[in-house]
Every structure is written in C-alpha cells, then in structure tokens.
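The values are calculated or read from the model by the stated rules, or taken from the named source; none is laboratory data. For clarity, every value in this text was computed on a predicted model and none was experimentally measured. Neighbour counts are summed over all protein chains in view; Cβ atoms, including those assigned to glycine, are modelled from backbone coordinates with ideal geometry.
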Amino acid sequence: MNKREIRIVTMIVRELTLFFMMHGHKSVRMETFHEENATVFSVTVKQLDAQLIDKIRKKIDRDRDMEIETYGWELVGDIDSKSELEILGHLIDEMHVKSDAGKTHLTFVRKNRYKERKTPRF
Amino acid sequence: MPINLPEFLKRRMLMPVIFIILFSMSFVTGSLSDLFSGYVEILRSPSVLISDYLRIGGFSATMFNVSTILLINILMLSRLKMKMSGPMFAGIFTIAGFSFFGKNIFNTIPIYIGIYLYARMQKLEFRSFMIVVLFSTGISPIVSFLIFGGPWPLYVGIPLGTLVGILTGFVLPALAAHTTRFHKGYNLYNIGFAMGILSMFYSAILTAFRIDFMVGGPTSEAFHSELQLLTLLMSLTFIAAAFIIDGRVLKNYLPLTRSTGRLVSDFIRDYGRAPTMLNVGIMGLMSLLVLFILNIEINGPVMGGILTVMGFGAFGKHPKNAAPVMLGALVGALLSPAYSLDEVGMAIAILFVTAVSPIAGRYGFFVGVFAGFLHIIITPLTYLFQGGFDLYNNGFAAGFVAALMIPFLEALKKDEIEEA
C-alpha cells in the first residue's frame with residue numbers, strides 16, 4: 001500500500017467514525033483489513049434503523065468514481081452534517097449490511113485500483 | 001432504423017447538439033476569409049485577462065474557436081470512454097465559455113501534456129484526472145503570454161511557453177486536490193483557486209524581471225443580440241429535452257434544489273439526467289434574466305460566465321443556492337462607491353459569484369447574501385494579486401471567501417445529535 005492509499009484509508013476511517021458519532025453512536029467498533037486486492041472496513045454499531053441503513057446504502061452503494069476520487073479525496077473525513085456521505089460513495093466499491101443481537105455490522109470494500117510501485121532493485 | 005428521441009437526447013447530455021449549433025454559427029455569420037484571419041489573431045493573442053476574442057477575432061472566428069475546443073474535448077471524453085458525469089459536463093461547458101476569452105487550441109495542449117505526464121508518474125490512468133484536465137486550461141494564458149506577449153523572439157517564446165505550460169499541468173493535480181481543504185469544498189471553482197496560487201507566482205516572477213503582463217484589452221458588446229439568442233436557444237433546448245426524457249421531471253427536480261451543492265456534488269449521478277438538464281436550462285434563463293434586469297450587455301467574458309453557470313447546473317449550482325449569492329454580489333456592487341457594474345470585471349462577477357453557492361445551500365439565504373457581498377468586493381483585489389494568468393479569477397476570490405466564512409459558520413452551526 002502506498003502512502004497516498006494509506007492516507008485515503010485513514011480518511012475513510014475518520015469519515016465513517018464522524019458519521020456514526022454525529023448520529024449519536026457512543027460505541028463504534030471499527031477494523032480495517034488490507035488485503036492484496038482490497039481494503040475492507042468492518043464497522044459494528046448499535047442496531048441501526050432501516051431508514052438510516054437505506055440512507056447509507058443510497059449514498060455509498062454505487063459505482064466507484066475514479067475521477068472524483070483523484071479530485072476530491074482530500075475532502076473525505078471532513079463532513080459537516082449528518083447527511084453527507086456522498087464523497088465516500090465515490091471511494092467505496094461494495095457495501096454489505098448484517099444485523100444480529102442488537103448490533104449492525106457494516107462492511108465496506110475498497111478494491112485496489114492502483115498499480116503498486118515496485119521497489120527499485122540496485 | 002427509427003431514432004429513440006429520449007435516448008438520443010440523454011446520450012452525452014446534448015453535447016453533440018450544442019456543438020452543431022455553435023459550429024454552424026461560425027460559418028453562417030461571416031466569410032471564410034474573416035473566419036480564418038480572425039482565428040489566427042485569436043491564436044496569436046497573449047490571452048491574458050481580459051482578452052475578449054469577440055473583439056480580437058470577430059464573431060465567426062470566436063464561434064469557430066469555441067466549437068473546435070468543444071469538439072476536441074468531447075472526442076477526448078469519448079476516446080477515453082468517460083461517462084458524462086456532472087463534473088465532466090461542467091468542465092466541457094466551462095471550457096466552451098472561456099474559449100470566448102482566453103482559451104484556444106494552442107495554449108491548452110501543453111497543460112494537458114503536463115497532466116498526462118503527472119498521471120504517468122503516479123502510475124494512474126490519465127482519465128482519472130479528467131476533472132482537473134477539463135478545468136486546468138483556466139491558466140492557459142501563461143502559455144500564450146510567454147510565446148506571444150513577452151519581450152523575446154518566438155524561438156525563445158515557443159519553448160519557454162510550452163515548457164511552463166507542461167510544468168503547470170504537472171503540478172496542478174496535486175495542488176487542486178489539496179486546495180479543496182482550504183475552503184472545505186465550498187468553492188465550486190476549486191481549480192480556479194489552485195491556479196490563482198500558481199498565477200500569483202508567475203506574475204511575481206515576471207514583475208521581478210520588469211516584464212509588463214497587464215495586456216488585456218476592452219471587450220466587444222457588438223454581438224449582444226446574437227449571444228442572447230444563442231443562450232435562450234440552448235436553455236430552452238435543455239428544458240425541452242428534460243421534459244421529453246421524463247414527463248414528471250418537475251417532481252424529480254425538487255430534491256435537486258435541496259442539495260447544498262458542496263463539492264463534489266454530481267447532480268447527474270445523484271438526481272438523474274432529466275432533472276439535471278432542466279436545472280442547466282433554468283440556470284441559463286436565470287443568467288439571462290439577471291443580465292436583462294441589470295442592463296448588462298453580453299460580451300465574450302459575460303458569455304463565458306453564462307456558459308459556466310449553465311455547466312455548473314450539473315455540478316453544484318441551482319436557483320435556490322445561486323440566487324442569494326447573486327443578490328449579495330449585486331448589493332455589494334450597488335453600495336460600493338469604488339466599483340460599478342459598468343466595469344466588465346464587476347459584471348461577470350455577478351455570474352461567477354455563484355462559485356460560493358454551496359455556502360447559501362448549507363447555511364441559508366442571508367449567509368449566502370453576505371458571501372456574495374464579500375465575494376464581489378474581494379474580486380478586483382484578487383485580480384491584481386494573481387495578475388490575470390488565471391482566467392478563473394472568481395474561483396481564486398471565492399476560495400478566500402469560503403476559507404474566511406466556513407470555520408466561523410461551522411463553529412456556530414448546531415447539528416442535532418440524538419443518542420442512538
């Protein structure tokens with residue numbers, strides 16, 4: 001993972017944390033897994049109502065947009081209101097939701113679309 | 001094979017239709033020899049703010065310049081298999097608009113090459129930088145000036161201008177991504193702000209070497225009626241197309257007008273093509289109405305403003321967030337004894353003030369009016385500061401307005417946070 005990708009990943013973590021805390025969640029558990037082909041963000045919060053899940057899905061579960069990513073990624077993690085997640089939607093490929101035992105588990109997948117720079121050999 | 005009219009209108013958001021209208025106008029409004037000689041004058045112009053191509057090259061040559069630049073960029077998007085998103089639409093319209101006063105085929109290519117080289121260095125696809133590519137040419141006058149405006153011969157000017165253009169394109173993508181944080185996405189002409197910083201340095205270097213670069217000239221209002229008719233025709237075409245595509249477009253249009261418009265708002269993606277086309281048409285009519293009420297005649301720069309406002313009808317602007325900032329700008333222009341709407345810079349700022357529309361979209365009518373007021377009084381100063389190589393001077397000004405207001409407004413704004 002290059003430095004730019006690390007920065008994008010940390011900004012996504014920040015944006016998701018900000019979003020759930022702005023919606024009043026006091027406990028937000030988040031893990032990130034960097035795999036060869038994708039970075040996976042796993043978020044666990046208190047059970048979300050169906051309306052909020054729909055809202056998140058509407059904003060995030062859409063096609064990834066590389067042009068907006070290269071232009072607007074520095075705005076990620078800087079949401080001003082409870083309803084803003086649009087830019088994040090341009091950076092995430094997939095979203096999955098599962099609910100059990102009073103908790104909601106959300107999984108966001110960001111596929112690796114950048115070519116890794118190979119370390120030069122001397 | 002029968003033509004599916006709604007599908008034809010939706011595809012590429014009427015861009016081919018707009019191209020055909022503009023291209024035809026370049027041939028029916030003057031002789032071929034006038035067109036050719038005027039076009040050569042446009043290509044040879046230093047193009048620094050404010051260089052009205054209607055005055056420099058005449059109507060037919062300007063329309064030829066606008067339509068060919070439009071065609072090249074439409075073909076580039078097609079070749080790269082880009083979908084017509086809100087930012088792409090805004091970029092194409094902005095390019096067309098500024099081809100009335102500063103952009104031509106000669107001064108835009110080196111900047112594109114610079115961005116291409118940056119993409120290669122970053123090992124990213126060139127198409128990923130297409131938003132920056134489309135808006136990057138706002139700084140193209142630096143290329144023209146160094147080639148045709150400097151006190152050196154062409155054999156020095158051509159390599160110098162080309163090299164500086166390539167370097168400019170090379171640094172712009174990183175700078176443009178970074179400047180979004182300065183104004184937190186509340187300046188829709190973000191790349192104009194990034195280019196203002198570069199322009200400031202270019203003008204500082206030229207000033208240090210005593211090179212005069214304030215070479216802009218008067219504008220031409222001789223083609224006011226033609227341009228008014230053209231804007232009306234384009235606006236009504238967009239509105240008609242929106243209703244043909246979706247008979248219930250009005251119902252779907254209302255949610256669009258509730259958007260703050262903050263970067264990066266892609267109206268085509270978020271609300272669909274028909275509501276966006278309706279918005280584009282309405283923004284065009286709104287621009288015409290404002291100019292009519294204020295008795296401002298359309299010249300090259302004003303036409304650039306109209307097309308930019310229409311283009312951003314797909315990328316953050318709508319009547320609800322644009323009207324307050326336009327009103328604020330008008331109040332500022334009328335109250336100030338130092339400025340007048342007779343000055344072309346002030347006249348175009350009434351349209352370009354809509355760069356700060358997201359401030360009204362997020363914080364409401366009165367804050368929007370104040371943002372517009374601040375914008376119009378800072379615009380003449382930013383022009384002096386950046387020297388005129390950044391055609392998007394209003395984007396440079398809007399960045400400062402947003403950077404001043406947003407931290408304070410955020411501190412005041414209370415978002416209700418309910419315990420989950």
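A quick yes/no check of all residues on (1) surrounded by 18 or more Cβ atoms within 10 Å (Cβ to Cβ); (2) away from chain B (no Cβ under 14 Å):
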{"position": "A:8", "(1), (2)": "yes, no"}
{"position": "A:14", "(1), (2)": "no, no"}
{"position": "A:30", "(1), (2)": "no, yes"}
{"position": "A:51", "(1), (2)": "no, no"}
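Just to be sure, is residue B:73 in contact with a Gly (Cβ under 8 Å, 6 or more places away or on another chain) and modelled with pLDDT under 90?
No.
Can you pull out every residue in the range A:32-49 that is over 16 Å from residue A:64 (Cβ atoms) and either touching a Leu at 6+ places or on another chain (Cβ under 7 Å) or away from chain B (no Cβ under 14 Å) (or both)?
Of everything in the range A:32-49, those that are over 16 Å from residue A:64 (Cβ atoms) and either touching a Leu at 6+ places or on another chain (Cβ under 7 Å) or away from chain B (no Cβ under 14 Å) (or both) turn out to be A:32, A:33, A:34, A:35, A:36, A:42, A:43.
Taking residue B:41 as the residue in question, decide whether it is closer than 23 Å to residue B:219 by Cβ and without any contact (Cβ under 8 Å) to a residue 24 or more places away in the chain.
So residue B:41 passes the test.
Quick test for you: out of A:22, A:1, A:30, pick the one residue that is in contact with an Asp or Glu (Cβ under 7 Å, 6 or more places away or on another chain) and among the aliphatic types (A, V, I, L, M).
Details: A:1 fails: in contact with an Asp or Glu (Cβ under 7 Å, 6 or more places away or on another chain); A:30 fails: in contact with an Asp or Glu (Cβ under 7 Å, 6 or more places away or on another chain).
So the residue among A:22, A:1, A:30 that is in contact with an Asp or Glu (Cβ under 7 Å, 6 or more places away or on another chain) and among the aliphatic types (A, V, I, L, M) is A:22.
With the range B:309-404 as the region, which helices (runs of 4 or more DSSP H) entirely inside it contain at least 3 residues that are among the aromatic types (Phe, Trp, Tyr)? Talk me through it step by step, then tell me what you get.
Values: elements: B:319-335, B:344-352, B:357-363, B:365-386.
In the range B:309-404, B:365-386 are the helices (runs of 4 or more DSSP H) which contain 3 or more residues that are among the aromatic types (Phe, Trp, Tyr).
Working only within the range A:19-28, note down all residues that are within 11 Å of another protein chain (Cβ to nearest Cβ) and either under 29 Å from residue B:123 (Cβ atoms) or buried (at least 17 other Cβ atoms within 10 Å of the Cβ) (or both). If you could, list the steps in order and put the result at the bottom.
Narrowing the range A:19-28 to residues within 11 Å of another protein chain (Cβ to nearest Cβ): A:20-28.
Those that are within 11 Å of another protein chain (Cβ to nearest Cβ) and either under 29 Å from residue B:123 (Cβ atoms) or buried (at least 17 other Cβ atoms within 10 Å of the Cβ) (or both): A:20, A:22, A:23, A:25, A:28.
State whether the residues of the range B:399-411 include one that is surrounded by fewer than 22 Cβ atoms within 10 Å (Cβ to Cβ), within 14 Å of chain A (Cβ to nearest Cβ) and small (Gly, Ala, Ser).
There is at least one residue in the range B:399-411 that is surrounded by fewer than 22 Cβ atoms within 10 Å (Cβ to Cβ), within 14 Å of chain A (Cβ to nearest Cβ) and small (Gly, Ala, Ser).
Can you tell me which condition residue B:381 does not meet? The list is (1) surrounded by fewer than 24 Cβ atoms within 10 Å (Cβ to Cβ); (2) at pLDDT below 90; (3) more than 21 Å from residue B:360 (Cα to Cα); (4) not hydroxyl-bearing (Ser, Thr, Tyr), and all the others hold.
With respect to (1) surrounded by fewer than 24 Cβ atoms within 10 Å (Cβ to Cβ); (2) at pLDDT below 90; (3) more than 21 Å from residue B:360 (Cα to Cα); (4) not hydroxyl-bearing (Ser, Thr, Tyr), residue B:381 is out only on (2).
Could you list, in sequence order, the residues of the range B:254-277 that are away from chain A (no Cβ under 14 Å), closer than 22 Å to residue B:362 by Cα, in contact with a helix residue (DSSP H, G or I) (Cβ under 8 Å, 6 or more places away or on another chain) and not β-branched (Val, Ile, Thr)?
Of everything in the range B:254-277, just one residue is away from chain A (no Cβ under 14 Å), closer than 22 Å to residue B:362 by Cα, in contact with a helix residue (DSSP H, G or I) (Cβ under 8 Å, 6 or more places away or on another chain) and not β-branched (Val, Ile, Thr), namely B:275.
Looking only at residues that are acidic (Asp, Glu) and in a helix (DSSP H, G or I) in the range A:54-68, which one is farthest from the other protein chains (Cβ to nearest Cβ)?
Among those residues, the one meeting the criterion is A:54.
Which count do you get for residues in the range A:69-82 that are closer than 18 Å to residue B:259 by Cα and at the interface with chain B (Cβ under 9 Å from one of its Cβ atoms)?
Within the range A:69-82, residues that are closer than 18 Å to residue B:259 by Cα and at the interface with chain B (Cβ under 9 Å from one of its Cβ atoms) number 6.
Here's the yes/no breakdown for (1) surrounded by 24 or more Cβ atoms within 10 Å (Cβ to Cβ); (2) out of contact with any Pro (no Cβ under 7 Å at 6 or more places or on another chain):
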{"residue": "B:36", "(1), (2)": "no, yes"}
{"residue": "B:43", "(1), (2)": "no, yes"}
{"residue": "B:47", "(1), (2)": "yes, no"}
{"residue": "B:72", "(1), (2)": "no, yes"}
{"residue": "B:75", "(1), (2)": "no, yes"}
{"residue": "B:84", "(1), (2)": "no, yes"}
{"residue": "B:89", "(1), (2)": "yes, yes"}
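Any residue in the range B:72-100 that is away from chain A (no Cβ under 14 Å) sitting within a Cβ distance under 6 Å of a residue that is surrounded by 24 or more Cβ atoms within 10 Å (Cβ to Cβ) and modelled with pLDDT under 90? List the pairs, counting only those 6 or more apart or interchain.
B:98/B:391
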